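Written below as structure tokens is the structure these notes are about.
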Amino acid sequence: MKIRWRYGIAFPLVLAVSLGALAAWLGRISEVQVEEVVLNPNEPQYAMKGINGKRFDQEGRLKENLSAVDAVQYPNSADVHLDKPHLSFYRDGSLLYEVGSDKAAYNIQNKKVVFEQNVVLNKAADAKRLAGIVKTERLNVDTEAQYAHTDSPVTFQYGQSGGQANGMTYDHKTGLLNFPSKVKATIYDTKNL
């Protein structure tokens with residue numbers, strides 16, 4: 001009887017140890033080891049061609065449209081660098097203003113855009129205001145606040161009026177185009193036209 005007793009307890013013990021070893025082995029081979037690779041900060045992490053991004057308001061109407069020929073984003077950077085960008089802003093489905101340039105950098109965190117080289121800001125005419133065009137070499141646009149500014153020289157046209165200045169700010173919410181420096185301009189009274 002002692003021999004049966006040893007074999008009777010040995011089989012469940014060997015089976016338990018074998019199943020435990022098999023479970024440990026399966027757990028070890030199924031572990032995913034993740035290795036972090038440090039990306040070269042001078043090479044793009046993302047590169048896109050022919051982009052066209054749209055943002056809509058709560059009613060589903062177009063609010064912003066950003067298009068560009070090329071776009072790249074570098075590792076550990078919140079800026080997306082754009083070639084030939086064109087940014088349009090809408091309210092209630094109507095075009096408010098649009099900005100285009102040769103180059104731009106869009107920060108995806110604070111939603112600000114810096115346009116550079118041959119910047120043109122077009123403001124569409126509406127029931128209250130005339131159409132306007134501003135040309136400069138650098139323009140900072142806050143898409144959330146609908147505010148634009150530059151310290152670079154600008155040329156502008158508002159209706160039939162036009163001129164030049166060093167720097168400007170434009171607040172679309174108030175409709176104010178402000179020139180912080182001396183302005184050389186020809187102004188026409190819109191009431192007499």
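So that you can scan it fast, the table gives a plain yes or no per residue for (1) on the phi < 0 side of the Ramachandran plot; (2) open to solvent by 70 Å² or more (accessible area, probe 1.4 Å); (3) basic (K, R):
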site: A24; (1), (2), (3): yes, no, no
site: D57; (1), (2), (3): yes, no, no
site: R61; (1), (2), (3): yes, yes, yes
site: E64; (1), (2), (3): yes, no, no
site: V69; (1), (2), (3): yes, yes, no
Going residue by residue through the stretch 133-153, is there one that turns out to be farther than 21 Å from F89 by Cα, more than 21 Å from the chain's Cα centre (by Cα), open to solvent by 40 Å² or more (accessible area, probe 1.4 Å) and of a type in the set (S, T, Y)?
no
Taking the criterion of being acidic (D, E) and either at pLDDT below 90 or buried (at least 16 other Cβ atoms within 10 Å of the Cβ) (or both), would at least one residue in the stretch 115-129 satisfy it?
yes
Report, by residue number, each residue of the stretch 75-90 that is surrounded by fewer than 17 Cβ atoms within 10 Å (Cβ to Cβ), not basic (K, R) and not in a strand (DSSP E or B).
P75, N76, S77, A78
So in the stretch 92-104, with the set limited to residues that are touching a strand residue (DSSP E or B) at 6+ places or on another chain (Cβ under 8 Å) and surrounded by fewer than 18 Cβ atoms within 10 Å (Cβ to Cβ), which one is nearest to L176 (Cα to Cα)?
L96
Given (1) of a type in the set (D, E); (2) closer than 24 Å to E137 by Cβ; (3) outside any strand (DSSP E or B), index of the condition D70 fails:
(3)
Could you run through the stretch 91-135 and say how many residues are assigned to a loop (DSSP other than H, G, I, E, B) and either without any contact (Cβ under 8 Å) to a residue 12 or more places away in the chain or not aliphatic (A, V, I, L, M) (or both)?
12
Please list, ordered by first then second residue, the pairs with beta carbon atoms under 9 Å, 6 or more apart or interchain, first in the stretch 23-47 and free of Cβ contacts under 8 Å to residues at least 40 places away in the same chain, second open to solvent by 90 Å² or more (accessible area, probe 1.4 Å).
L39/N76; P41/N76; Q45/N76
Let me confirm something: among G163, G175, G159, G167, which residue is within 29 Å of S77 (Cα to Cα) and not hydrophobic (A, V, I, L, M, F, W, C)?
G167
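The values are calculated or read from the model by the stated rules, or taken from the named source; none is laboratory data. Not measured: the values here are computed from a predicted model. Cβ: placed from backbone, ideal geometry, glycine included. Neighbour counts: every protein chain shown. Accessible surface is based on the protein model in full, side chains and every heavy atom, while ligands, DNA and RNA are left aside. Shrake-Rupley method; radii C 1.70, N 1.55, O 1.52, S 1.80 Å.
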